[in-house]
Amino acid sequence: RDAVGYLEDARAMVHDNRRKYAQVTGNMGRIRVHVGDWGRAEAELSETLEYNRANNEEISQAINLLSLGFLQLRQRKFILSARSLDNALEIISRLSLKREKVIYLEYAGELALEKGDIYKAKATLSNAYERGLLMAPDSALVSQSVRRLAEVELLLDNIDEAMRYGQKGLEA
């Protein structure tokens, strides 16, 4: 919540620079997702997406679509989440954005898991984990996907694999 306060201050300072204002607003939206202020998060992410689309800010657009898809996943709006994630993937693929691809795979894997498609979740999260290891082995890119892989293995009753992935997530 402190971060949101700092970003509100920053946004007031850059109110005359629409690009910076949109960037800060998008960051606020992402943080609000994690603190559970979903209504404001959705409004801020949508506002930022409008700016990004109008100004051809495709990388920011992809990032905000990922955040919106993650929010919709948390809200259990699976169809909207899949649509947002697919729209993000189109930009990510066209621009060859590696980090954002890993994040997409993580969210798509979690979406599959939430929808009950455990095998698709396992394949997607394994892909995210492997790509994350190649990019930044000790990062959140790895820890998030490997933690979710542990959950999948636990659901599949693969206790040893769940423990192995859980330990790797803890180490990361």
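The values are calculated or read from the model by the stated rules, or taken from the named source; none is laboratory data. These numbers were taken from a predicted model, which means no experiment stands behind them. Positions of Cβ are generated from backbone atoms using ideal geometry, with glycine treated the same way; all protein chains shown enter the neighbour counts. The protein model used for the area step is the full one, side chains on, heavy atoms only, and it has no ligands, DNA or RNA in it. Shrake-Rupley method; radii C 1.70, N 1.55, O 1.52, S 1.80 Å.
Restricting attention to region 114-129, which residues are within 17 Å of the chain's Cα centre (by Cα) and either open to solvent by less than 40 Å² (accessible area, probe 1.4 Å) or among the acidic types (Asp, Glu) (or both)?
114, 121, 124, 125, 126, 128, 129
Among the residues of region 71-102 satisfying the criterion of being among the polar types (S, T, N, Q) and part of a helix (DSSP H, G or I), which is nearest to residue 33 (Cα to Cα)? Give the derivation first.
Residues of region 71-102 among the polar types (S, T, N, Q): 72, 75, 81, 84, 87, 93, 96.
Filter once more, keeping what is part of a helix (DSSP H, G or I): 72, 81, 84, 87, 93.
Values: 72: 10, 81: 14, 84: 15, 87: 19, 93: 25 Å.
Ranking the candidates gives 72 first.
Residues that are closer than 25 Å to residue 24 by Cα and in a helix (DSSP H, G or I): does region 133-141 have at least one?
yes
Residue-by-condition table, conditions (1) in contact (Cβ under 8 Å) with a residue 12 or more places away in the chain; (2) within 13 Å of the chain's Cα centre (by Cα); (3) open to solvent by less than 50 Å² (accessible area, probe 1.4 Å); (4) more than 23 Å from residue 135 (Cα to Cα):
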| residue | (1), (2), (3), (4) |
| --- | --- |
| 5 | no, no, yes, yes |
| 42 | yes, no, no, yes |
| 45 | yes, yes, yes, yes |
| 56 | no, no, no, yes |
| 72 | yes, yes, yes, yes |
| 79 | no, no, no, yes |
| 96 | no, no, no, no |
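Give region 151-172 a look and list any residue that's surrounded by 14 or more Cβ atoms within 10 Å (Cβ to Cβ) and farther than 18 Å from residue 123 by Cα, or say none.
Of everything in region 151-172, just one residue is surrounded by 14 or more Cβ atoms within 10 Å (Cβ to Cβ) and farther than 18 Å from residue 123 by Cα, namely 172.
Name the residue, out of 105, 68, 111, that is within 24 Å of residue 137 (Cβ to Cβ), open to solvent by less than 40 Å² (accessible area, probe 1.4 Å), touching a helix residue (DSSP H, G or I) at 6+ places or on another chain (Cβ under 8 Å) and not in a loop (DSSP other than H, G, I, E, B).
Values: 68 fails: within 24 Å of residue 137 (Cβ to Cβ); 111 fails: within 24 Å of residue 137 (Cβ to Cβ).
Being within 24 Å of residue 137 (Cβ to Cβ), open to solvent by less than 40 Å² (accessible area, probe 1.4 Å), touching a helix residue (DSSP H, G or I) at 6+ places or on another chain (Cβ under 8 Å) and not in a loop (DSSP other than H, G, I, E, B) holds for just one of 105, 68, 111, which is 105.
Could you tell me which residue of region 14-34 is surrounded by the fewest Cβ atoms within 10 Å (Cβ to Cβ), considering only residues that are of a type in the set (Val, Ile, Thr) and assigned to a helix (DSSP H, G or I)?
At the first step, the residues of region 14-34 found to be of a type in the set (Val, Ile, Thr) are 14, 24-25, 31, 33.
Narrowing the set further to residues that are assigned to a helix (DSSP H, G or I) leaves 24-25, 31, 33.
Numbers: 24: 23, 25: 22, 31: 19, 33: 23.
Applying the filter and picking the extreme gives 31.
Polar (S, T, N, Q), closer than 23 Å to residue 109 by Cα and at pLDDT 95 or above - does that describe any residue in region 40-48? It would help to see each step written out before you state the result.
Taking region 40-48 first, the residues polar (S, T, N, Q) are 46, 48.
Right, trim to closer than 23 Å to residue 109 by Cα and you get none.
Within region 40-48, none of the residues are polar (S, T, N, Q), closer than 23 Å to residue 109 by Cα and at pLDDT 95 or above.
Tell me whether region 150-168 contains one or more residues that are assigned to a helix (DSSP H, G or I) and within 15 Å of the chain's Cα centre (by Cα).
no
Just to verify a result, which residue in region 130-142, among those that are of a type outside the set (A, V, I, L, M) and farther than 15 Å from residue 107 by Cβ, is least open to solvent (accessible area, probe 1.4 Å)?
Pass one, region 130-142, residues of a type outside the set (A, V, I, L, M): 130-132, 137-139.
Filter again for farther than 15 Å from residue 107 by Cβ, leaving 130, 137-139.
Details: 130: 111, 137: 69, 138: 132, 139: 27 Å².
The qualifying residue least open to solvent (accessible area, probe 1.4 Å) is 139.
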